[in-house]
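Heads up: the structure comes next, in structure tokens.
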């Protein structure tokens, strides 16, 4: 009996410690790197210096700077960072106290100027090279006996380098899809329009143009295409104003959309687009059609008429 009481006492004394886990301290990470995008048009043998501002609004942290190339990941403008450095472009820091690949400390609510020198060697083949300046946090070392949420975060600024000996760029765009993804719609539907362009050239492109809508009664509407970079050897979905993004967030779209046409449509409609890529560049065209009819209204009228007829028949029989 005495042994049993001792065992229960030990058990009750140890339970409270098992109920309360070790304290855990999560590092708060909030970084800003500006400018977020650099576009360079440069000849071989030249060099340029870019000044960045890195700000830390979170906890004090060690940061590591590195340069890595990237490529287009999909047609929505997302990119894929490559794991290793490659390409002819050379990068270095002009800061006396900073080096690429060497961690440095940044306090809360403080900033660090980064002077990045970009150099293009001689005899480089014309073309585009894409890189990201990455600032990566180094997780804090865990203290013995204290849990630590080892947060690791990375922020980047993209660098788009176009190298040209002659000053000319290679422009080879092609419209791969211009469609409403359907030919017949209800008059009250929002009509989804999809426009994608592939860049088969060596240099990135910036589209400029419109999507035009013309109805069978002569009514017209025009929507400006939002100018976004199309990287070399990649395809991109182009968006037009008003952008479809907000509408897609509300509707949870099943597919990426360039534009939603809103209104009440009846009959045949012609859609066309024309896109340029700067001065002295070729203009590319595409067109499609769709039809709209008031199916829902007609169905509602028919159902109402059937209900009215049934009611009249029943009343006449009585």
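Restricting attention to region 168-180, the residues being part of a loop (DSSP other than H, G, I, E, B) and either closer than 30 Å to residue 126 by Cα or outside the structural domain of residue 232 (by TED's automatic domain parsing) (or both) number 5. Residue count for region 44-56, restricted to those that are in a loop (DSSP other than H, G, I, E, B) and touching a strand residue (DSSP E or B) at 6+ places or on another chain (Cβ under 7 Å): 1.
Within the option set 65, 76, being part of a strand (DSSP E or B) and within 28 Å of residue 203 (Cα to Cα) holds for one residue only, 65. Within region 267-290, does at least one residue satisfy the condition of being over 22 Å from residue 196 (Cβ atoms), outside any strand (DSSP E or B), modelled with pLDDT under 95 and in contact with a strand residue (DSSP E or B) (Cβ under 8 Å, 6 or more places away or on another chain)? Within region 267-290, none of the residues are over 22 Å from residue 196 (Cβ atoms), outside any strand (DSSP E or B), modelled with pLDDT under 95 and in contact with a strand residue (DSSP E or B) (Cβ under 8 Å, 6 or more places away or on another chain).
Just so you know, in region 212-232 the residues that are surrounded by 19 or more Cβ atoms within 10 Å (Cβ to Cβ) and free of Cβ contacts under 8 Å to residues at least 60 places away in the same chain include one that is farthest from residue 171 (Cα to Cα), and it is 213. So which residues in region 291-318 are more than 23 Å from residue 176 (Cα to Cα) and in contact with a strand residue (DSSP E or B) (Cβ under 6 Å, 6 or more places away or on another chain)? Within region 291-318, 292, 295, 296 meet the criteria.
The values are calculated or read from the model by the stated rules, or taken from the named source; none is laboratory data. The shown structure was predicted, so the numbers you read here are calculated from the model rather than taken from an experiment. In this analysis, Cβ positions are derived from the backbone assuming ideal geometry, glycine residues included, and neighbour counts consider all displayed protein chains.
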